[in-house]
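The values are calculated or read from the model by the stated rules, or taken from the named source; none is laboratory data. The structure displayed is predicted, hence computed values, not measured ones. Reconstructed Cβ throughout: ideal geometry from the backbone, glycine too, with neighbour counts over all protein chains shown. Protein only, heavy atoms only, side chains kept; ligands, DNA and RNA dropped before computing areas. Shrake-Rupley method; radii C 1.70, N 1.55, O 1.52, S 1.80 Å.
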Amino acid sequence: MEYVLETSALGKSYGHFKALNNLSMHVPKGSIYGFIGKNGAGKTTLIRLICGLQEPTCGEYTLYGKKNSEKAIYSSRRRMGAIVETPSVYLDMTARENLQQQYRILGLPSFDGIQDVLKLVGLADTGKKKAAHFSLGMRQRLGIAVALAGDPDFLVLDEPVNGLDPQGIIEIRELILKLNQERQITVLISSHILDELSRLATHYGFIDNGSILKEISAQDLEKSCRKCIRIEVTDTKILAPVLDHMKISYEIISDTEADIFAQINVSRLTSALEKDNCEILSIYKRNESLESYYMSLTENSGRE
Ligand code: ATP
């Protein structure tokens, strides 16, 4: 597999504190890589290192095959656009002026293409409105537009949906998918919002205490997770022995709710429960596989 970014035993210390510790990760070309970890796990530190904003204490990383110790890393970084922490947007400028400024900073020969980028992020019609009067979601999209200046094929987004309302989250999600699928841009997204990442990511890297606990493709994660169906009944005390009898694994959540970890024949279950006067009130598939996978990883990580 071809990797856009690889790190090997990467470390970053602040005094005696190891913000990154022996971190090894692999971002496949063309992927949307969900970089998951709780607050303080080291996500932003890793992003700051690969953007060249800080130097590692030990270990190394390669971007497009170029090591961080090589001079050629600078040209690799030109293929990368990033938002680190908050988007770098000038609030007293319009969307177009912000992009013009970024084009100047990058030394790009002309402003051609700015309109296309604005269109891509859905800000082509914002005219004279200054970024200060944009919604948070619009600012975030402008930040992505700025990161797209210079036509990168690797986009790094640090917590891109933090603080956004549901509509803003949907817009960012659709934009990321479009960039990945239509423009073949590899995307690294750090986040602790698992539900959101599970709608996007093709690969995951789980970070805890500065180290990668596990990397896994979305496909393999799907396979390794138990399928879960949440069922609501009038009485789980009646449900439990019926499921035992059917040799179906389950977990009781409350007097009326249970999670079932198997495909079930609903009509067979309904008639079995009917005999004991128990009714099914609702039944639905739960999309919590990523969450439970993450929880079991961090529980088993033996933290200091
Ligand atoms: P968040 O989601 O809260 O941004 P994160 O996973 O991005 O978390 P980092 O910002 O990378 O975490 O921080 C990792 C650890 O390193 C934290 O404990 C943080 O306090 C510490 N840290 C980061 N920068 C410095 C610094 N300049 N000096 C000392 N400690 C630092």
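Tell me the relative contact order for the range 212-304 as a rounded percent, counting alpha carbon contacts under 8 Å between residues six or more apart.
The normalised contact order for the range 212-304 reaches 38 percent.
May I ask for the equivalent-ellipsoid semi-axes of the chain, computed as the square root of five times each C-alpha gyration tensor eigenvalue and listed largest first in whole Å?
Calculated on Cα positions only, the semi-axes equal 43, 25, 16 Å.
Roughly how many Å² is the accessible area per residue of the range 110-261, as a whole number, for a 1.4 Å probe?
Per-residue accessible area for the range 110-261 comes out at 46 Å².
Mind checking the range 95-160 for trypsin sites (Lys or Arg not before Pro) that DSSP puts in a loop (not H, G, I, E or B) and that have at most 13 other Cβ atoms within 10 Å?
K128, K129
Could you give me the radius of gyration and the Dmax of the range 236-302, taking only the C-alpha atoms into account and expressing both in angstrom?
Cα radius of gyration and Dmax of the range 236-302 are 14.2, 47 Å respectively.
Amide H of I185: which non-local residues (sequence gap of 5 or more, or other chain) have their own amide H closer than 5 Å, using H built in the peptide plane?
N180
In degrees from 0 to 90, rounded to the nearest 10, what is the angle of the helix 95-106 Cα long axis to the longest principal axis of the chain?
For helix 95-106, the angle is close to 60 degrees.
Name the residue, out of K285, K214, K178, whose mean-square fluctuation peaks in a Gaussian network model built on the chain with Cα pairs under 10 Å.
For the chain, modelled as a Gaussian network with Cα springs under 10 Å, the answer is K285.
In Å, what Rg and Dmax follow from the Cα atoms of the range 1-149?
When restricted to Cα atoms, the range 1-149 yields Rg and Dmax of 17.3, 50 Å.
Starting from the residue with the highest accessible area, list D220, D112, D125 in decreasing order, probe 1.4 Å. Please report the intermediate quantities before stating the final value.
Details: D220 75, D112 125, D125 150 Å².
From most accessible down to least: D125, D112, D220.
Just need the relative contact order of the range 1-113 here, percent rounded to a whole number, with Cα pairs under 8 Å and 6+ apart. Write down the numbers at each step before the final one.
Details: 130 pairs, mean separation 26.8, N = 113.
Answer for the range 1-113 is 24 percent.
Would you mind counting up the charge near K214? Only other residues with Cβ under 11 Å from its Cβ, with Lys and Arg at +1 and Asp and Glu at -1.
Net local charge, K214 excluded: -3.
If one takes the longest principal axis of the Cα atoms in the chain, at what angle in degrees, from 0 to 90 and to the nearest 10, does the Cα axis of helix 236-245 lie?
The two axes meet at around 80 degrees.
Between S249 and T270, what FRET efficiency comes out of the Förster formula 1/(1 + (r/R0)^6) with R0 = 22 Å and r the beta carbon distance, rounded to 0.05?
Calculated transfer efficiency: 0.70.
Please report the net charge: other residues with Cβ closer than 12 Å to the Cβ of H192, K and R +1, D and E -1.
Once all neighbours under 12 Å are counted, the net charge is -4.
What are the GluC sites (Glu not before Pro) within the range 46-155 that DSSP puts in a loop, where the Cβ has at most 16 other Cβ atoms within 10 Å?
Those satisfying the criteria are E70, E85.
If the reach is capped at under 12 angstrom between alpha carbons, list the aspartates and glutamates near K29, excluding any in the same chain fewer than eight residues apart.
Qualifying aspartates and glutamates at Cα under 12 Å: E2, E6, D153.
Can you give the calculated 222 nm mean residue ellipticity of the chain, where each DSSP H run of n ≥ 4 adds -39,500 (n - 2.57) and the sum is split over every residue, rounded to the nearest 500 deg cm²/dmol? Could you put the intermediate results ahead of the total?
Numbers: 11 runs with 105 residues, N = 304.
That calculation yields -10000 deg cm²/dmol at 222 nm.
In the range 160-255, if every C-alpha pair distance is counted and binned at 5 Å from zero, what percent goes to each bin?
Final binned percentages: 2, 10, 15, 16, 12, 13, 10, 10, 8, 3, 1.
Considering only protein heavy atoms and a 1.4 Å probe, what is the carbon-and-sulfur percentage of the accessible area of the chain? The partial results should precede the final answer.
Values: 7470 of 15790 Å².
Percent of accessible area from carbon and sulfur atoms in the chain: 47.
Between F17, F206, F154, which gets the highest mean-square fluctuation from a Gaussian network model of the chain, Cα cutoff 10 Å?
Largest GNM mean-square fluctuation: F17.
Name the residues whose placed amide hydrogens come within less than 5 Å of the amide hydrogen of V4, ignoring near sequence neighbours (fewer than 5 apart) on the same chain.
Close amide H contacts, sequence-distant or interchain: V27, K29.
On a 30 Å Cα-Cα criterion, which of the cross-link pairs K66/K178; K119/K223; K119/K214 come out too long? Each step should come with its number before you reach the end.
Numbers: K66/K178 27 Å; K119/K223 38 Å; K119/K214 37 Å.
Beyond 30 Å between Cα atoms: K119/K223; K119/K214.
DSSP beta bridges in the range 58-194, what fraction antiparallel, as a percent rounded to 5?
Around 25 percent antiparallel, to the nearest 5.
Quick one: among H133, H26, H16, which has the greatest mean-square fluctuation in a GNM of the chain with alpha-carbon springs under 10 angstrom?
Of H133, H26, H16, the most mobile in the Gaussian network model is H16.
Keeping every protein chain present and rolling a 1.4 Å probe, give me the accessible area per residue for the range 1-105 in Å².
The answer is 50 Å² per residue.
If you restrict to DSSP beta bridges whose two residues both lie in the chain, what percentage is antiparallel, to the nearest 5?
65
Read phi for every residue in the range 172-186 and hand back ³J(HN,Hα) as whole Hz from Karplus 6.51 cos²θ - 1.76 cosθ + 1.60, θ = phi - 60°, with x for Gly and Pro.
For the range 172-186, the Karplus-derived couplings read 5, 4, 5, 5, 4, 4, 4, 4, 6, 7, 8, 10, 6, 7, 6 Hz, x marking Gly and Pro.
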